[in-house]
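A.B. asks: Take this structure, written in structure tokens, and hold onto it; I'll ask about it next.
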Amino acid sequence: MVTDLPGLSAPPGADALDAYPRVVSAVAAEVTRHVASLRVRAPAGWGGMVREGGGSAVVFTDDGFLLTNAHVVGGTRGGTAAFVDGSETPFDIVGADPLSDLAVVRARGDTPPAAVLGDADRLVVGQLVVAVGNPLGLSGSVTAGVVSALGRSLPTRSGRAGRVIEDVIQTDAALNPGNSGGALADATGRVVGINTAVAGIGLGLAVPVNGTTRRIIAALLAEGRVRRAYLGVVSVPAPLPAPVAERAGQRRGLRLVDVVAGSPAARAGLKAGDLVLSVGRAPVSDAQGIQRLLFADAIGIPLPVTVLRNGAMVDVMAVPVELTDG
């Protein structure tokens, strides 16, 4: 981990512009060795065609586990990981979760030591970030920029099951095909995101590394998949009326914009327009506040939900079911 980055405490009169490349260079030197270039081959399908592809991955344990995007390794059985020091090793798929676009693979041979994972929940707009990956097959490529927005949403799908990845990081660090699965690091060299998509010219998106991500990684390591509970709501953050905010001790909640017919939420009596204050007795102010609760241990367990409806507090009890792609 980078512990003392040149230029962060520049003496009076020093050129502030010179500090920027120094920080970027230090982060690049720290992070690049942990990032692999992945080459994958999908099994032969119709017509005997074999699909070849690639992307990036980040070593996150010292015993050879790497984190990447599910769309990089989806439909494959393994491939080859190559590092900037010239070493290569075959890898196998441990598990993939298309609904978070995350996957874990394990190298059969030696790998560099693990990168240090950070906490994307501590990021602020305007903060320096460095993207490291293998765009267009060019290994060890580094681009830099800032966090241009936080709290973006990225719709995902697996079969008929859909989900929204919340709190996605938007950055203006240049991303290109092949960056997917690579590292987005902060100025201390901690990996705070896994690059996942190019949103447009000058805009890239990264899946955040945070508490929810860590639960997904743990599930992939343990079971090779992520079991999720399902409520059946679509929501957006919304401010609370001042009297309610004072009473509840929170300023924001979640406005339900859709409740899926026949879903556990609908059976519990939740309605579009309800303003959710708490789920599982814990205040919620963003969709991640609900989604972090909806893992395997919530399936079939009554979940108390408090909403504001027509100016009155309403308590309901929803019982999540297992999310399936059928």
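A.B. asks: For R281, state whether it is surrounded by fewer than 15 Cβ atoms within 10 Å (Cβ to Cβ) and closer than 29 Å to A218 by Cβ. First the steps, then the outcome.
C.D. replies: Values: surrounded by fewer than 15 Cβ atoms within 10 Å (Cβ to Cβ): yes; closer than 29 Å to A218 by Cβ: yes.
It is true that R281 is surrounded by fewer than 15 Cβ atoms within 10 Å (Cβ to Cβ) and closer than 29 Å to A218 by Cβ.
A.B. asks: Output the number of the condition that R267 fails; it satisfies all remaining conditions of (1) outside any loop (DSSP other than H, G, I, E, B); (2) on the phi > 0 side of the Ramachandran plot.
C.D. replies: (2)
A.B. asks: Of the conditions (1) at pLDDT 90 or above; (2) touching a Pro at 6+ places or on another chain (Cβ under 6 Å), D286 fails just one. Which one is it?
C.D. replies: (1)
A.B. asks: With the range 48-134 as the region, which strands (runs of 3 or more DSSP E) entirely inside it contain at least 2 residues that are crowded, with 21+ Cβ neighbours inside 10 Å and assigned by TED's automatic domain parsing to the domain that holds I194?
C.D. replies: 128-133
A.B. asks: Only residues in the range 80-98 that are of a type in the set (D, E) count as the first member; pair them with residues that are assigned to a loop (DSSP other than H, G, I, E, B) and crowded, with 17+ Cβ neighbours inside 10 Å, Cβ under 8 angstrom, at least 6 apart or cross-chain, and list the lot.
C.D. replies: What qualifies is D85/P112; D97/V226.
A.B. asks: Based on what the data block shows, is L256 closer than 25 Å to L99 by Cβ, assigned to a strand (DSSP E or B) and at pLDDT 90 or above?
C.D. replies: In short, yes.
A.B. asks: Shifting gears a bit: List, please: which pairs have Cβ atoms under 8 Å, are six or more places apart or on different chains, and start with a residue in the range 227-244 that is surrounded by 20 or more Cβ atoms within 10 Å (Cβ to Cβ) and end with one that is among the basic types (K, R) and part of a strand (DSSP E or B)?
C.D. replies: Every condition considered, the pairs that remain are R228/R163; S235/R255.
A.B. asks: Here is a list: N176, N195. Which entry is polar (S, T, N, Q), touching a Gly at 6+ places or on another chain (Cβ under 9 Å) and modelled with pLDDT of 85 or more?
C.D. replies: When all the criteria are applied, what remains is N195.
The values are calculated or read from the model by the stated rules, or taken from the named source; none is laboratory data. This one's a predicted model, so the numbers in the text were calculated from it and none came from an experiment. Positions of Cβ are backbone-derived with ideal geometry, glycine not excepted, and every protein chain shown enters the neighbour counts.
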